[in-house]
Amino acid sequence: MAYSRGLPLLALAAALVVAAGAGPATAADRPSPPTAAAFERATRELLRDGTLDREPARRGGGLPAGSSARGGLFPAKRLLTLYGAPQLTATILGKLGPRAAARKAVKQARPYARIGERRVIAGFDLIAVVANSTPGADGRYRTRQPDKLIRTYLREARAIDGRLVLDIQPGRAKVGDEVEALEKWVDEPDVDVSIDPEWDVGPRGVPGRTEGKIKAKEINRISRRLQRIIDAGDLPPKALVIHQFHSGSVRKRRDIVQRRDVDVTLNFDGIGSPAAKEAGYRELSRRSLFNGFSIFYSLDTQVMSPRSVLGLEPEVDFLLFQ
């Protein structure tokens, strides 16, 4: 998931549209992630301004009550999240404060709850590991979010009886190392994990210049690790969401293993017209796994209606709004 995706599904490039107008996007259109220094400054300002210290919003109406951590996730439930980070103003979580984002998530979920047959859980897909365009102190081209920030969004998610998905943009770091660094949060019953292969650039790549990818065997290692965390803590099932916008995002997807308590989910996040997005979703979804769909408020040529989204095949388990 990009801050404002510039590179759509390559197989359907001619049909997709970028924010500036019609026509296929190229690598030159890719947004540049923040420098490590700029992101650090934004984080310091956020910690100083008191935004993260405010009381959580009260739970909005329109969604059924009950702990989101109780029982399984997919396919009985549907998870709807708002994406981003408060330091990244191009993302929806960067445009809204934590309380306002919680209210927005509940409001966004209501029509899906009314139309669909599943219970809808609202929440956040918070970028917990942010890709950087410069090396940073450890040369990994990524910055980990401070605990205080993650704690704030988990508190807000719980205030709306929702879930928090921690998104990993690894840069040059190994995804497994980033999951380990987040493990105290993943130990919570209502915290899930998502991986953004676009920013998984390997040991020599640079985010924003190198197109990242992830292999099935790496996804399987991460899902195995999550299963062990679940078993050790006697936790309810968790989602492992893999963002993808073209076939190269995930290599050897047929080899991905669906585990007992880890709902491995391929989330399609191409940008464009409804017809192009529907075609991309059909191409990249897999019925042997769970499937997700992203909607871009500003970059899609038309925001698809809940009825249209719920009519997709295979059925959408995870929804992300950006």
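Within the range 280-319, list the chymotrypsin sites (Phe, Trp or Tyr not before Pro) lying in a DSSP loop whose Cβ has at most 13 other Cβ atoms in a 10 Å radius.
Of the chymotrypsin sites (Phe, Trp or Tyr not before Pro), the ones in loops of the range 280-319 whose Cβ has at most 13 other Cβ atoms within 10 Å are Y297.
In terms of the Cα gyration tensor, with a ≥ b ≥ c the square roots of its eigenvalues, is the range 152-235 rounded because a/c is under 1.5, prolate because a/b exceeds b/c, or oblate?
oblate
Which whole-number percent is the relative contact order of the chain (Cα, under 8 Å, 6+ apart)?
Reported as a whole number, the value is 20 percent.
Sorted from largest down, give the three principal axis spans of the alpha carbons of the chain, whole angstrom values.
Sorted largest first, the three principal extents are 46, 44, 36 Å.
What is the range 199-322 by shape, rounded, prolate or oblate, if you read a ≥ b ≥ c off the alpha carbon gyration tensor as root eigenvalues and call it rounded for a/c under 1.5, prolate for a/b larger than b/c, and oblate otherwise?
In terms of gyration-tensor shape, oblate.
Measuring from label point to label point, each 7 Å out along Cα→Cβ, what is the R287 to R144 span in nm?
It is 4.2 nm.
Roughly how far apart, in whole Å, are the Cα centres of the range 147-171 and the range 183-219?
After rounding, the separation between the Cα centres reads 16 Å.
Can you list residues from other chains, or at least 5 along the same chain, whose modelled amide H is less than 5 Å from the amide H of S194?
L166, D167, I168, V241
Would you compute, from DSSP H runs of 4+ residues alone, the mean residue ellipticity of the chain at 222 nm, taking -39500 (n - 2.57) per run and dividing by the full residue count, rounded to the nearest 500?
-8500 deg cm²/dmol, from helical runs alone.
For the charge dipole of the chain, defined by +1 on Lys and Arg C-beta atoms and -1 on Asp and Glu C-beta atoms about the Cα centroid, which residue among A239, G272, V250 has the Cα displaced farthest towards the positive pole?
A239
Treating only the Cβ of Lys, Arg, Asp and Glu as charged (+1, +1, -1, -1), what charge dipole size does the range 163-265 show about its Cα centre? Round to the nearest 20 debye.
Dipole size: approximately 700 debye.
Using only alpha-carbon positions, what ratio does the radius of gyration of the range 81-169 give when scaled by 2.2 N^0.38 Å?
This ratio for the range 81-169 stands at 1.19.
So for the chain, taking the charge dipole from beta-carbon charges (+1 Lys/Arg, -1 Asp/Glu), which of G162, T43, V186 sits furthest toward the positive end?
Highest projection toward the positive end goes to G162.
How do S32, S223 rank when sorted from fewest to most other Cβ atoms within 10 Å of their own Cβ?
Listed from fewest to most nearby Cβ atoms, that is S32, S223.
At a 10 angstrom cut-off on C-beta neighbours, averaged per residue, how do the peptides 210-221, 165-176, 43-54 rank from highest to lowest?
The peptides rank, most packed first, as 165-176, 210-221, 43-54.
In bins 5 Å wide, starting from 0, what share of all Cα pairs of the range 115-154 does each bin hold, as a percent?
6, 18, 19, 14, 14, 10, 7, 6, 4, 2
Return a whole-number percent for the relative contact order of the range 113-264, with Cα pairs under 8 Å and 6 or more residues apart as the contact set.
RCO, the range 113-264: 20 percent.
What is the gain in length, in nm to one decimal, between E55 and R41 on full extension, counting 0.36 nm per residue of separation less the C-alpha to C-alpha distance?
So the chain would gain 2.6 nm between E55 and R41.
Among R251, R209, which comes first, second and so on when ranked by fewest other beta-carbon atoms within 10 Å?
Lowest to highest Cβ neighbour count: R209, R251.
Taking 0.36 nm per intervening residue step and subtracting the Cα-Cα distance, what contour gain separates D255 from V303 on full extension?
That pair, D255 and V303, stretches by 14.0 nm at full extension.
How big is the dipole moment of the chain about its Cα centre under a simple scheme where the beta carbon of each Lys and Arg is +1, that of each Asp and Glu is -1, and everything else is neutral? Debye, nearest 20, please.
Using Cβ point charges on Lys, Arg, Asp and Glu, the chain gives about 240 debye.
With +1 on the Cβ of every Lys and Arg and -1 on the Cβ of every Asp and Glu, and nothing else charged, how large is the dipole of the range 211-286 about its Cα centre, in debye rounded to the nearest 20?
Result for the range 211-286 is approximately 400 debye, rounded to the nearest 20.
Each residue of the range 187-202 in turn: what ³J(HN,Hα) in whole Hz from Karplus with 6.51, -1.76, 1.60 and θ = phi - 60°, glycine and Pro shown as x?
5, 6, x, 10, 10, 10, 10, 10, 10, 10, x, 3, 9, 9, 9, x
We did not get these values from a lab; they are worked out from the coordinates using the rules stated. Not measured: the values here are computed from a predicted model. In this analysis, Cβ positions are derived from the backbone assuming ideal geometry, glycine residues included, and neighbour counts consider all displayed protein chains.
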